[in-house]
Amino acid sequence: MKILSIHPYEQEILENALKLNLTAYDTSYIILAKKHNLTLVTEDSKLRNRARNIVKTTNLKELLNIHLQS
């Protein structure tokens, strides 16, 4: 497992938090997923909906369905 740091993305996180009307904490997940080309997996529908235009998003049910189908 790799631990990701928000450094040096603090400014981008804060700017996007204001644009998306999310906390910096939630926005940090979006920006880190974007920067590392990752899928954002969350059960938070508000976060998932606001992140959808920035990164690929999914929830656990969708993720498990994809895994079970393969």
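The values are calculated or read from the model by the stated rules, or taken from the named source; none is laboratory data. Bear in mind the structure is a predicted one, so any value in this text is a computation, not a measurement. When we count neighbours, we look across all protein chains shown, and the Cβ atoms used for this are built from the backbone with ideal geometry, even at glycine. Keep in mind that these areas ignore ligands, DNA and RNA; they rest on the heavy atoms of the full protein, side chains included. Shrake-Rupley method; radii C 1.70, N 1.55, O 1.52, S 1.80 Å.
Pairs linking a residue in segment 10-37 that is over 20 Å from residue 56 (Cβ atoms) and at pLDDT 95 or above to a residue that is open to solvent by 90 Å² or more (accessible area, probe 1.4 Å) and part of a helix (DSSP H, G or I), with Cβ atoms under 7 Å and 6 or more positions apart or on different chains, are 24/14. Pairs meeting the criteria (first residue in segment 40-67 and under 20 Å from residue 13 (Cα atoms), second residue surrounded by 11 or more Cβ atoms within 10 Å (Cβ to Cβ) and modelled with pLDDT under 95, beta carbons under 7 Å, at least 6 apart or on different chains) are 41/63. The set of residues from segment 39-62 being under 8 Å from the mean Cα position of the chain (by Cα) and among the hydrophobic types (A, V, I, L, M, F, W, C) comprises 40, 41, 47, 51, 55.
Yes/no per residue for (1) among the small types (Gly, Ala, Ser); (2) within 24 Å of residue 2 (Cβ to Cβ):
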| position | (1), (2) |
| --- | --- |
| 19 | no, no |
| 29 | no, yes |
| 33 | yes, yes |
| 37 | no, yes |
| 40 | no, yes |
| 48 | no, yes |
| 53 | no, no |
| 59 | no, yes |
| 69 | no, no |
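The set of residues in segment 13-26 that are buried (at least 16 other Cβ atoms within 10 Å of the Cβ) and more than 15 Å from residue 44 (Cα to Cα) comprises 13, 16, 17.
The residues of segment 37-70 that are open to solvent by less than 70 Å² (accessible area, probe 1.4 Å) and not in a helix (DSSP H, G or I), listed by number, are 39, 40, 41, 42, 44, 54, 55, 57, 58, 59.
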